[in-house]
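S.K.: Have a look at this one.
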Amino acid sequence: MERRRELMAAAVNRFGLLERDRLQTHFSEHSLVCSYRKGAETVYVRLTDESHKPYAKIAGEVQWVEFLGRNGVCVARPHYSAAGNLAERIRTEDHDYTAVCYEEAKGRPVGENDANESLYGQMGQFMGRMHDIAKRYIHLDPVTRRPDWSDEAEKVRRIDLPPSEKEITLRYQALLHYISELPIAEDAYGLIHADFHFGNFFVHEDSLCLIDFDASRYSWFVDDIAVAAFFSGLTEEADSDPDRFLIPFLEGYRLEHHLEEKWLREIPYFMKLREMGRYIKLFHACGGAFDKLHPWGQWYMKGRKEKILRSFPAI
């Protein structure tokens, strides 16, 4: 506990904050987060062990978030340190840590009654604007550049599943090959959020405020759309027809950004990529014993293999 306190004291000092202004402390498996009062606002300092996530990856993340905030996208914008850095490295004898400081996200969490066509349209409009701005983003430093979509997909592909899952493995490989053959076009490919769901944004006035860019990566913009559509159906009460979400979502999206129709036809492939990736990782985590999973994982895996194979898109 004392070590954590010393580390956080070093981190907040880098960002010109004072320990006496601490409001709350939040622990997680890999990070320590504390909130502080800074004048009239609340800011958050996050300290992450580099054995979990390297400095370069975090630096690339906050550079991207700052660019979006600077260009008018509502995000939990990062603060610069006293030395003018968005990410600070805290070194100890046996570990290195990365410290970042964020402003408090504007708005309120999404409630159960918020999920409707109006919200879906807002989500689409927000994402469309983000993608339009993303086309202007140029990241020059190869060290801190965010990963490509294939990095995570390849990690999943290398997971060794038992023979009972051979059909899943082969279908996943075929899907990866199909997606990897898609052309990379300037108006359809760039840096995306890749984790756009109800838990990662706040409702702010007549728009949204986006948080948690940890999964951000370079991919086709339609990948971002597909992830949002995939997550929209991941509750027991959700409608199984993705069009109930996608129709109003795309209406909002088109207000801010244009994608050719040919790209929208790829949505089922990217949705299936996320669905299969989640299945493979959960199967591997529990060794196929689904009852060992948490309740949501059990719900997700129930009949999932059959659903994946039954609805696999034509390749």
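The values are calculated or read from the model by the stated rules, or taken from the named source; none is laboratory data. The shown structure was predicted, so the numbers you read here are calculated from the model rather than taken from an experiment. For neighbour counting, all protein chains shown are included, and Cβ atoms are generated from backbone atoms with ideal geometry for every residue, glycine included.
S.K.: Go through (1) surrounded by 15 or more Cβ atoms within 10 Å (Cβ to Cβ); (2) part of a loop (DSSP other than H, G, I, E, B) one by one and return the number of the condition Gly16 breaks.
M.R.: (1)
S.K.: Within region 55-78, can one find any residue that is buried (at least 18 other Cβ atoms within 10 Å of the Cβ), more than 18 Å from the chain's Cα centre (by Cα) and not hydroxyl-bearing (Ser, Thr, Tyr)?
M.R.: The answer is no; no qualifying residue exists.
S.K.: In region 23-37, which residues are of a type in the set (D, E, K, R) and either touching a helix residue (DSSP H, G or I) at 6+ places or on another chain (Cβ under 6 Å) or buried (at least 17 other Cβ atoms within 10 Å of the Cβ) (or both)?
M.R.: Going residue by residue through region 23-37, those that are of a type in the set (D, E, K, R) are 29, 37.
The one that is of a type in the set (D, E, K, R) and either touching a helix residue (DSSP H, G or I) at 6+ places or on another chain (Cβ under 6 Å) or buried (at least 17 other Cβ atoms within 10 Å of the Cβ) (or both): Arg37.
S.K.: Which condition from (1) under 30 Å from Glu260 (Cα atoms); (2) in contact (Cβ under 8 Å) with a residue 40 or more places away in the chain is the one that Leu161 breaks?
M.R.: The number of the failed condition is (1).
S.K.: Working carefully through the options Val100, Val156, find the one that is surrounded by fewer than 20 Cβ atoms within 10 Å (Cβ to Cβ), under 18 Å from the mean Cα position of the chain (by Cα) and touching a residue at least 40 places away in the same chain (Cβ under 8 Å). Break it down into steps so the answer makes sense when it comes.
M.R.: Details: Val100 fails: surrounded by fewer than 20 Cβ atoms within 10 Å (Cβ to Cβ).
Result: Val156 is the single residue among Val100, Val156 that is surrounded by fewer than 20 Cβ atoms within 10 Å (Cβ to Cβ), under 18 Å from the mean Cα position of the chain (by Cα) and touching a residue at least 40 places away in the same chain (Cβ under 8 Å).
S.K.: If you check every pair at least six apart or on different chains, which have Cβ atoms under 7 Å apart with a residue in region 188-210 that is in contact (Cβ under 8 Å) with a residue 60 or more places away in the chain first and a residue that is in a strand (DSSP E or B) and among the polar types (S, T, N, Q) second?
M.R.: Ile192/Ser219
S.K.: Shifting gears a bit: If a residue has to be of a type in the set (D, E, K, R) and under 26 Å from the mean Cα position of the chain (by Cα) to count, how many in region 281-291 make the cut?
M.R.: As a first pass, look at region 281-291 and keep what is of a type in the set (D, E, K, R): 281, 291.
Remaining after also requiring under 26 Å from the mean Cα position of the chain (by Cα): 281.
Of the residues in that region, 1 qualify.
S.K.: Only one of (1) farther than 26 Å from Met123 by Cα; (2) surrounded by fewer than 17 Cβ atoms within 10 Å (Cβ to Cβ) fails for Ile280. Which number is that?
M.R.: Result: Ile280 fails condition (2) only.
S.K.: OK, next. In this structure, does Ala174 turn out to be among the small types (Gly, Ala, Ser), in a helix (DSSP H, G or I), closer than 30 Å to Cys286 by Cβ and out of contact with any helix residue (DSSP H, G or I) (no Cβ under 8 Å at 6 or more places or on another chain)? Can you show your working first?
M.R.: Numbers: among the small types (Gly, Ala, Ser): yes; in a helix (DSSP H, G or I): yes; closer than 30 Å to Cys286 by Cβ: yes; out of contact with any helix residue (DSSP H, G or I) (no Cβ under 8 Å at 6 or more places or on another chain): yes.
Against the criterion (among the small types (Gly, Ala, Ser), in a helix (DSSP H, G or I), closer than 30 Å to Cys286 by Cβ and out of contact with any helix residue (DSSP H, G or I) (no Cβ under 8 Å at 6 or more places or on another chain)), Ala174 qualifies.
S.K.: Something else about it: Report yes if Tyr44 is of a type in the set (Phe, Trp, Tyr), under 16 Å from Glu104 (Cα atoms), more than 22 Å from the chain's Cα centre (by Cα) and crowded, with 18+ Cβ neighbours inside 10 Å, otherwise no. Steps first, please.
M.R.: On the way: of a type in the set (Phe, Trp, Tyr): yes; under 16 Å from Glu104 (Cα atoms): yes; more than 22 Å from the chain's Cα centre (by Cα): no; crowded, with 18+ Cβ neighbours inside 10 Å: yes.
No.
S.K.: Select from region 177-187 the residues that are without any contact (Cβ under 8 Å) to a residue 60 or more places away in the chain and part of a loop (DSSP other than H, G, I, E, B) and list them in ascending order.
M.R.: Glu181, Pro183, Ile184, Ala185, Glu186
S.K.: For region 85-97, how many residues meet the condition of being surrounded by 11 or more Cβ atoms within 10 Å (Cβ to Cβ), at pLDDT below 95 and among the charged types (D, E, K, R)?
M.R.: 1
S.K.: Only residues that are over 13 Å from Cys101 (Cβ atoms) and not in a strand (DSSP E or B): list them for region 19-41, please.
M.R.: Matches in region 19-41: Glu19, Arg20, Ser28, Glu29, His30, Gly39, Ala40.
S.K.: Among (1) surrounded by fewer than 20 Cβ atoms within 10 Å (Cβ to Cβ); (2) in a helix (DSSP H, G or I); (3) of a type in the set (A, V, I, L, M, F, W, C), where does Ala82 come up short?
M.R.: So the condition that Ala82 fails would be (2).
S.K.: Restricting attention to region 283-315, which residues are at pLDDT 95 or above, not in a helix (DSSP H, G or I) and not hydrophobic (A, V, I, L, M, F, W, C)?
M.R.: Across region 283-315, the qualifying residues are Gly287, Gly288, His294, Lys302, Gly303.
S.K.: To continue, here is another question. Suppose we filter Gln125, Gln63 for residues that are assigned by TED's automatic domain parsing to the domain that holds Glu251 and either part of a loop (DSSP other than H, G, I, E, B) or modelled with pLDDT of 95 or more (or both); which single one remains? Please lay out each step first, then the result.
M.R.: Numbers: Gln63 fails: assigned by TED's automatic domain parsing to the domain that holds Glu251.
Unique residue meeting the criteria: Gln125.
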